[in-house]
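Worksheet: one structure, shown below.
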Amino acid sequence: MSARNFIQSIRDNFKRKEPLSDEVVEGFLRVLEKVRTEDVTCEEVFTQLDEYVEKEVDGKDTSRLMPLLREHLDMCSDCFDEYKALLKVIEKSSEKKL
Ligand SMILES: [Zn+2]
């Protein structure tokens, strides 16, 4: 899968506004339970966000590599906006390379 297709598939996922299935909710709860004690702050997310987006554009499994960040982005709209902006920038620079 090319980086561009990968980003497109992420975009499509974000666009979807379907209610979460029980399975997805259960998955979130499991993650929450696991990381409850080591919550990330927005500040920590901002410092690692570029690394996160680069990994994602590379097609790496960020939900496994950086699960705390992934989880924070799912819940924090401030960081999510920042993430989307960064993704756009990195997407543009990787398009030049392709
Ligand atoms: Zn945040």
Original post:
Taking the range 42-87, which residues are touching a Cys at 6+ places or on another chain (Cβ under 8 Å), surrounded by fewer than 17 Cβ atoms within 10 Å (Cβ to Cβ) and in a helix (DSSP H, G or I)?
Top reply: Cys42, Phe46, Asp78
**OP:** State the number of residues belonging to the range 42-98 that are polar (S, T, N, Q) and closer than 21 Å to Phe28 by Cβ.
**Re:** 4
Subject >> Residue tally, condition at pLDDT 75 or above and in a loop (DSSP other than H, G, I, E, B), over the range 21-41 >> reply: 3
Original post:
Of all residues in the range 40-95 being among the polar types (S, T, N, Q) and within 12 Å of the ligand (Cβ to nearest atom), which is farthest from Ala3 (Cα to Cα)?
Top reply: Thr41
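The values are calculated or read from the model by the stated rules, or taken from the named source; none is laboratory data. These figures come from a predicted structure and were not determined experimentally. Don't worry about glycine lacking a Cβ; one is built from the backbone with ideal geometry, like all the others, and counts go over all protein chains shown.
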